[in-house]
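What follows draws every value from the coordinates through simple rules; no lab data is involved. These figures come from a predicted structure and were not determined experimentally. Virtual Cβ from ideal backbone geometry, glycine too; neighbours counted across all protein chains shown.
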Amino acid sequence: MSRSADLRFRAATTIQRRLVNPVMRRLPFQTVLETTGRVSGLPRRTPVGGRRIADSFWLVSEFGRRSAYVRNIEADPRVRVRLGGRWYAGTAHLLPDDDPVARLRDLPRLNSAAVRLIGTGLLTVRVDLDRDLGLDRG
């Protein structure tokens, strides 16, 4: 990773962790991805942008495998996604062969623009939502 990409990664993740994420995950209708911490085993909630398409939720990680939630998915792909204020359980899949720039065209514009602007290692993630949609409360 180039020096400028590394600086961008460090600045963005610091701002996200300390300022943006704590506020955004409290908003009732913000989409949130909940993973299990790969070291702690505790739930980790990250505000994300993406879109539900049929029984899947799609998103693009701006820092690919450097993102903490992506590393958590690699350790345990079982996740939950809060969509429209309701939690859904599912299984996440990392799709390195998918074209993340093309995928962003199908996702919400504002978030997609931010991901393209900030991102240094885009990676598509698909969450296959369980059939018992919406029954996972909490």
Taking the Cα of ARG109, stepping 7 Å toward and past its beta carbon, and measuring to each backbone N in segment 43-63: which are under 17 Å? 50-51
Protection-proxy order for peptides 44-55, 100-111, each taking the mean of Cβ atoms within 10 Å per residue, highest first: 44-55, 100-111
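Can you figure out the FRET efficiency of VAL101 with ALA5, using R₀ = 22 Å and their beta-carbon distance, to the nearest 0.05?
Computed FRET efficiency for VAL101 and ALA5: 0.85.
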What does the charge add up to near ARG109, with Lys and Arg as +1, Asp and Glu as -1, over the other residues with Cβ less than 12 Å from its Cβ? +2
Just flag the chymotrypsin sites (Phe, Trp or Tyr not before Pro) in segment 65-112 sitting in loop per DSSP whose Cβ has no more than 10 other Cβ atoms within 10 Å. none
Report the full-extension gain for the segment ARG71 to SER56: residue separation times 0.36 nm, less the Cα-Cα distance, to one decimal in nm. 3.4 nm
Could you let me know the centre-to-centre spacing of segment 40-55 and segment 61-133, using Cα atoms, in angstrom? 7 Å
Expressed in nanometres to one decimal, the distance between label points 7 Å along Cα→Cβ at ARG116 and ARG45 is 3.1 nm
Once every Cα of segment 74-127 carries one equal point scatterer and solvent is ignored, give the base-10 log of I(q)/I(0) from the Debye formula at q = 0.27 Å⁻¹, two decimals. -1.11
